[in-house]
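These notes are about the structure you will find just below.
The values are calculated or read from the model by the stated rules, or taken from the named source; none is laboratory data. Treat the numbers as computed from the prediction; the structure is a model and nothing was measured. For neighbour counting, all protein chains shown are included, and Cβ atoms are generated from backbone atoms with ideal geometry for every residue, glycine included.
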Amino acid sequence: MRRIFLSATIVLLAAVTCIEPDRDGPYDPNNPNKPSLYGYTRTYDWSPLPGASVELRQGGDVKYSTQSDNEAWFEFVDIDPGIYQLYAEAEYYAPEVETLYLCAGCKDTIDVQFEELYFNFDDETPGTQEPFGFLRVYGSWQIQEDNTAGDEHSLPNVYNAVHHGSTDPFALSLFRDTLRGFWLSINVKVLTSASDWYAGLVLRYQNENNYYLVQFNPNGLALMKMRDGVLSQLASTTSHTFASNVWYHVSTYMEGEKIKVFVDYDELFEIYDTQSPIQVGLAGLWLFWNETNGSASAHFDDLHVWP
């Protein structure tokens, strides 16, 4: 199977005034020898992904469109030669775009791999406790509407968490796929006005006794590790403080023993965990209220995962 990449050769199409274009040119749309394009749409782990929308565009206009079938196969037959933007969309994935040079008479193949998962929760029904891809473990979770601050998160829905200090150990909802190396980012806003809250991301979660935790509160941010039931701090910073009712963008990168943490696209630290590292597990959203009375509440939105 031949993968099509952006060619380094630029084809000049009637760029000189008053010169009649060559109707036999390999990319001339009037060339009678029509190309075809075939392929599969696949997930980040190369599994078939049926039902994806695939379009061929020129200058922003959709010239041809189709959808991958139950076997994840798609095809464009007898199309006009030319240079196209292939634009592919699938639910819960970020769009994929690639430039294709489809020459006259060519029969080309391409696999479209969706590499970035994206959950904005906007198509979920309010009140849903476990949106697609997620498993609620502790605390109260449900889809809610938040139509404020449209420049800070996607409208209208968010994934809301509530932790009551007298019940569960914390609030936790996990992304269901096991991950080893990945980027993960989230927009998060804590609604609780008091200062006894903690929020963040759980990483490589295996069980309640083994996981990493990126946690932040009004005083700063820390990277923690729970290993065999023993909690330790791997890194911390007070360079960023966190207020209630403000959206923050928190992200992390994990590859082997390397862990990076970012807030609002600023890298806060990079560490290597060489002492009994946790190599694989689930990732999730986390909230904690540090009192036996009362509760903390937070909105999570726009989760991106690059496995």
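Assorted remarks:
- If you go through region 248-284 and keep only what is of a type in the set (Asp, Glu), in a strand (DSSP E or B) and closer than 26 Å to HIS299 by Cβ, you end up with ASP266, GLU267.
- Matching residues, region 290-306, being touching a strand residue (DSSP E or B) at 6+ places or on another chain (Cβ under 6 Å) and over 20 Å from VAL158 (Cα atoms): TRP306
- Test: TYR38 is farther than 29 Å from ASN187 by Cβ, at pLDDT 95 or above and crowded, with 16+ Cβ neighbours inside 10 Å: no
- Scan of region 41-74 for residues that are crowded, with 16+ Cβ neighbours inside 10 Å and at positive phi, ordered by number: ALA72
- Check on GLY82, in contact with a Pro (Cβ under 8 Å, 6 or more places away or on another chain) and surrounded by fewer than 17 Cβ atoms within 10 Å (Cβ to Cβ): no
- Breaking point among (1) in a strand (DSSP E or B); (2) surrounded by fewer than 19 Cβ atoms within 10 Å (Cβ to Cβ); (3) modelled with pLDDT of 95 or more, for GLU130: (1)
- Test: residue in region 112-121 that is closer than 17 Å to VAL246 by Cα and either of a type in the set (Ser, Thr, Tyr) or within 19 Å of the chain's Cα centre (by Cα) (or both): no
- Test: residue in region 169-183 that is more than 22 Å from VAL305 (Cβ to Cβ) and either at pLDDT below 95 or surrounded by 13 or more Cβ atoms within 10 Å (Cβ to Cβ) (or both): yes
- The condition of being in contact with a His (Cβ under 8 Å, 6 or more places away or on another chain) and under 18 Å from GLU116 (Cα atoms) holds for only one of LEU184, LEU191, LEU174, that being LEU184.
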